[in-house]
Ligand code: C5P
């Protein structure tokens with residue numbers, strides 16, 4: 001503390017700040033001697049988070065503070081449906097776009113809750129983070145949190161089906177050349193949210209689509225926007241899997257009638273801002 005509060009250190013830190021350098025606060029706690037107080041190194045995960053946010057904001061277009069007073073729920077990552085204690089059915093979602101939305105919403109002043117399915121990416125260190133594994137766990141967490149939310153963004157890739165039975169012990173190969181899995185439908189969390197929404201609540205869904213011979217990914221996303229009826233549907237083409245794990249994304253945003261309201265392409269932080277801009281325009285008071 002004596003070093004940190006020394007006039008020379010304070011003057012040097014002030015000079016760095018005046019040049020635009022972001023200085024992390026030094027936490028309080030046990031120091032190297034018998035003394036206790038400010039002057040510890042920031043925790044590595046707090047340093048990493050500050051770097052992620054600073055990098056995100058490099059691509060961001062929005063000032064902070066315009067979502068102050070709003071509660072925002074973001075789901076992210078890809079659910080896992082267990083087959084046995086060591087295997088699961090999963091998907092290629094990295095969680096990066098959802099985490100970027102959570103960070104951007106927090107930077108813009110919202111009170112953020114993230115419901116995170118498994119992801120190897122660093123979780124946002126903003127607001128509250130609830131970790132879940134399966135679609136059913138995600139549904140329960142969403143149901144608990146949703147009533148107090150102004151905005152819900154369902155960016156998670158939720159498994160449409162889960163194994164009818166998850167074995168207690170590891171399934172043995174036992175010489176079998178083929179194996180059949182029986183699956184049953186998971187609840188559609190987004191549909192449940194839309195059915196039980198409270199007045200004024202804004203709900204955003206995602207539609208990750210691939211194009212085929214009869215229609216493009218974008219037109220499949222537009223028809224999903226109409227059939228699911230979320231206030232906004234963020235369509236992205238995932239043909240070839242290029243989006244998963246990438247730092248960039250390209251999306252078209254549709255309203256509940258399938259009309260195109262915005263499009264964004266670039267770093268996921270920038271796409272996050274575009275999604276939040278479109279959602280904010282629908283929030284009360286806009
Ligand atoms: O129909 P599809 O799965 O493509 O819809 C995608 C949207 O629906 C995403 O917002 C996803 O989070 C949500 N979803 C859901 N529950 C499911 C499947 C998808 O909430 N079981």
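Just so it is clear, none of the values below were taken in a lab; they were calculated from the coordinates. Computed from a prediction, not measured in an experiment: that's the story for all the values here. Methodologically, a virtual Cβ is constructed for each residue, glycine included, from the backbone with ideal geometry; neighbour enumeration extends over all protein chains shown.
For the reader, a short list of remarks on this structure follows.
- Scoring 106-118, 17-29 by mean Cβ neighbours within 10 Å over their residues and listing the highest first yields 106-118, 17-29.
- Dividing the helix sum by the residues of the chain, where each DSSP H run of 4 or more adds -39500 (n - 2.57), gives a mean residue ellipticity at 222 nm of -9000 deg cm²/dmol.
- C-alpha long axis of helix 96-107 to longest principal axis of the chain, angle in °: 40 degrees
- Span from the the range 89-127 Cα centroid across to the the range 202-223 one, whole angstrom: 22 Å
- Semi-axis lengths (Å, descending) of the ellipsoid that matches the C-alpha gyration tensor of the chain: 38, 26, 18
- A full extension of the chain between residue 168 and residue 32 corresponds to an added length of 44.0 nm, given 0.36 nm per residue minus the alpha carbon distance.
- Antiparallel DSSP beta bridges within the chain, percent to nearest 5: 45 percent
- Over 21 Å [Cα-Cα, the range 52-143], rounded percent: 34 percent
- Here the range 138-286 carries DSSP beta bridges of which approximately 60% are antiparallel, counting only pairs with both residues inside.
- Take every DSSP beta bridge whose two residues both sit in the range 59-136; close to 25 percent of them are antiparallel.
- Compared with the dominant Cα axis of the chain, that is its longest principal axis, helix 7-18 is turned about 40°.
- For the chain, the longest principal axis of the Cα atoms and the long axis of helix 44-58 meet at an angle of about 70 degrees.
- Gyration tensor (Cα) of the range 128-223, equivalent ellipsoid semi-axes in angstrom: 31, 22, 10
- For the pair residue 87 and residue 160 in one chain, pulling the backbone fully straight at 0.36 nm per residue adds 24.6 nm over the alpha carbon distance.
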